[in-house]
Amino acid sequence: MLQGVGDGAYAWIGAGDVGPREGLHGDRFVFNDAIVPVGIRYFLNVVQRALPPRPAGG
């Protein structure tokens with residue numbers, strides 16, 4: 001449970017290496033663009049599991 005906000009979660013998907021003074025939100029962080037499709041598949045899977053299936057033709 002996330003403190004003060006209710007239920008929730010986060011996942012580390014390997015967006016890049018963080019060096020000294022290059023934190024995730026720093027201007028020197030090098031994002032791994034190749035991880036984007038992996039992140040999209042991950043979150044799509046989360047949504048598909050969480051939502052009920054829609055009836056055909058609806």
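Among the residues making up the range 7-22, those that are at pLDDT 70 or above and not hydrophobic (A, V, I, L, M, F, W, C) are ASP7, GLY8, TYR10, GLY14. The number of residues in the range 31-58 that are among the hydrophobic types (A, V, I, L, M, F, W, C), more than 22 Å from GLY14 (Cα to Cα) and not in a helix (DSSP H, G or I) comes to 2.
The values are calculated or read from the model by the stated rules, or taken from the named source; none is laboratory data. Values in this document were obtained by computation on a predicted structure and should not be read as measured data.
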